[in-house]
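Have a look at the structure below before the remarks.
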Amino acid sequence: MSAPVKGPASYFPSIEKKYGRPVEHWKELIRTSPLTRHMELVGWLKTEHGLGHGHANALVAHTLAERSDG
């Protein structure tokens, strides 16, 4: 049996269900945004795309962590 998903990725199923788009859609928006700071991106997802704070924060945290890993 696989271990439960933890951290920001644990929000992904509810994000897809609530907003009707795959997580990769949101991550691509974040990657191509001219904004680079965490809270700027969170605010932008909330105001421009209607995401809740927790969902926006999880997507931004996960996407920026991928950037720093590579």
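The values are calculated or read from the model by the stated rules, or taken from the named source; none is laboratory data. Just so we're clear, the structure is a prediction, and the values are computed from it rather than from any experiment. For neighbour counting, all protein chains shown are included, and Cβ atoms are generated from backbone atoms with ideal geometry for every residue, glycine included. The area values use the complete protein model at the heavy-atom level, side chains included, leaving out ligands, DNA and RNA. Shrake-Rupley method; radii C 1.70, N 1.55, O 1.52, S 1.80 Å.
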Worksheet item: List pairs: first in the stretch 24-46 and under 15 Å from residue 58 (Cβ atoms), second aromatic (Phe, Trp, Tyr) and in a helix (DSSP H, G or I), Cβ under 9 Å, 6+ apart or cross-chain?
Response: 25/19; 26/19; 29/44; 30/44; 45/26
Worksheet, complete the sentence: Selection from the stretch 34-64 of residues polar (S, T, N, Q) and within 14 Å of residue 7 (Cβ to Cβ) yields 57, 63
Worksheet entry | Single condition residue 70 does not satisfy, out of (1) modelled with pLDDT of 95 or more; (2) open to solvent by 90 Å² or more (accessible area, probe 1.4 Å) | (1)
Worksheet item: How about the stretch 50-67: which of its residues are part of a helix (DSSP H, G or I) and surrounded by 15 or more Cβ atoms within 10 Å (Cβ to Cβ)?
Response: 55, 56, 57, 58, 59, 60, 61, 62, 63, 64
Worksheet, complete the sentence: Apart from one, (1) within 16 Å of residue 67 (Cα to Cα); (2) not in a helix (DSSP H, G or I) all hold for residue 4; the odd one out is (1)
Worksheet entry | Selection within the stretch 1-40 - at pLDDT below 95, loosely packed, with under 10 Cβ neighbours inside 10 Å and small (Gly, Ala, Ser) | 2, 3
